[in-house]
Amino acid sequence: MKRFSKITIMILILSILLVGCGNNNDKVNENGGLNIVATTTIIGDAVRAIGGDKINLEILMGPGIDPHLYKASAGDMNKMQNADLIIYNGLHLEGKMSDVLEQMEKSSKNTYAAADVIDGSKLIESEDFEGAYDPHIWFDVELWMEVVKGIEEKIIEIDSDNQEYYNKNAKAYLKELDELHTYTKSRAGELSDEKRILITAHDAFNYFGLAYDFEVRGLQGLSTATEAGTSDVRNLADFIAEKEIAAIFIESSVPAKNMEALKNAVDSRGFTVEIGGELFSDSLGNPGTEEGNYVGTVKHNINTIVDGLLKWEELKWKII
Ligand code: ZN
């Protein structure tokens with residue numbers, strides 16, 4: 001009897017362990033679909049829009065995380081090792097992850113740089129690093145539509161059984177993006193040509209500027225890894241005072257202190273510039289909020305920029 005109990009207990013323990021394992025496996029592959037890892041919230045949003053419920057999506061960097069400075073954690077490595085496909089931006093956006101991504105490629109993981117689909121002639125060359133390009137391709141909505149198509153093709157390449165489903169999703173999403181592009185253009189058109197100057201924390205809006213006709217100046221360069229120096233603050237403060245720019249903008253993934261220093265520097269030149277609001281640059285907003293997806297983020301940004309510049313411009317003249 002005693003012996004029997006021991007065996008029973010062992011069987012029980014084994015069963016519990018087996019059931020436990022089974023549950024874990026189910027969790028990893030709950031819909032039997034592709035396991036896709038995206039590095040940023042912006043790429044993740046496009047992947048989700050196309051993949052829908054046929055994929056399991058993991059996004060490594062949460063809202064507000066700066067991709068230039070982000071290093072992969074042990075948990076991230078696990079997620080990438082278990083993925084069928086790893087999609088990242090490329091063009092050195094994920095500067096501190098290049099070794100890890102290279103390592104994944106070498107171990108014949110399926111990795112895909114979303115920016116690779118864009119023709120070189122449409123990329124903006126870096127002023128600071130020869131042969132390098134600006135990685136912030138997502139705020140020119142038309143350009144981003146090409147990236148979305150590239151992601152669609154890549155997913156279908158791996159999971160052709162669900163091609164029709166992915167095509168349908170991508171078509172609907174691209175239509176939404178096309179409308180977003182028109183909306184952004186029309187809102188930008190509310191500002192006169194000479195008022196279309198956007199001052200932000202770092203150079204994340206060059207493609208946006210090119211597409212929607214804004215002159216763009218960032219306090220820090222293309223990567224936040226390089227700190228803004230006092231001469232950068234001085235030069236930009238001179239520019240703002242000279243052009244009488246009414247508002248400057250902070251970014252959700254970059255600390256606000258540098259922009260506050262810039263504001264103070266402008267104020268000390270006898271011209272008052274206001275902080276016009278917060279823009280999302282290298283990350284979307286929190287899930288569940290209006291800015292929790294790409295479309296909402298782009299709308300938030302253009303509305304904040306245009307409303308901010310119009311409001312402070314108007315108040316400036318009232319004060320004078
Ligand atoms: Zn950036």
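The values are calculated or read from the model by the stated rules, or taken from the named source; none is laboratory data. Since we're looking at a predicted model, the values are computed, not measured. All Cβ positions, even for glycine, are placed from backbone atoms using ideal geometry, and neighbour counts span all protein chains on display. The protein model used for the area step is the full one, side chains on, heavy atoms only, and it has no ligands, DNA or RNA in it. Shrake-Rupley method; radii C 1.70, N 1.55, O 1.52, S 1.80 Å.
Things worth noting here:
- In a reduced charge model with +1 at each Lys and Arg Cβ and -1 at each Asp and Glu Cβ, the chain shows a dipole moment near 1520 debye about its Cα centre.
- Here each label is just a point 7 Å from Cα along the line to Cβ, and for SER268 and GLU244 those points are 2.4 nm apart.
- Partners of LYS316 within straight-line reach, counting lysines whose Cα lies under 21 Å from its Cα and excluding those fewer than 8 residues away in the same chain: LYS195, LYS243, LYS263.
- Dipole of the chain computed with +1 at Lys/Arg Cβ and -1 at Asp/Glu Cβ about the Cα centre; of THR40, ASN56, LEU177, farthest Cα towards the positive end is ASN56.
- Packing-based ranking, highest mean first, of 197-206, 103-112, 60-69 given that Cβ atoms within 10 Å are counted: 197-206, 60-69, 103-112
- Accessible surface area normalised per residue over segment 208-272 is 46 Å², counting heavy atoms of protein chains with a 1.4 Å rolling probe.
- For segment 122-175, a crude dipole built from +1 on the beta carbon of Lys and Arg and -1 on the beta carbon of Asp and Glu, taken about the Cα centre, is about 460 debye to the nearest 20.
- Carbon + sulfur, % of accessible area of the chain - ligands and nucleic acids excluded, 1.4 Å: 51 percent
- For GLU194 and THR226, a Förster radius of 45 Å and the Cβ-Cβ distance give a FRET efficiency of 0.90, rounded to the nearest 0.05.
- Pairs of Lys in segment 26-115 closer than 18 Å at Cα, counting only those 8 or more apart or on different chains: 9
- 3J(HN,Hα) along segment 125-139: 6, 6, 7, 8, 10, 4, x, 9, 10, 5, x, 7, 7, 7, 8 Hz, from the Karplus curve 6.51 cos²θ - 1.76 cosθ + 1.60 with θ = phi - 60°, whole Hz, x for Gly and Pro.
- Surface per residue (accessible, 1.4 Å probe) for segment 31-144, Å²: 44 Å²
- Ranked packing of 246-254, 130-138, most packed first, by mean Cβ within 10 Å: 246-254, 130-138
- When shorter helices are ignored and each DSSP H run of at least 4 residues is given -39500 (n - 2.57), the per-residue value for the chain at 222 nm works out to -16000 deg cm²/dmol.
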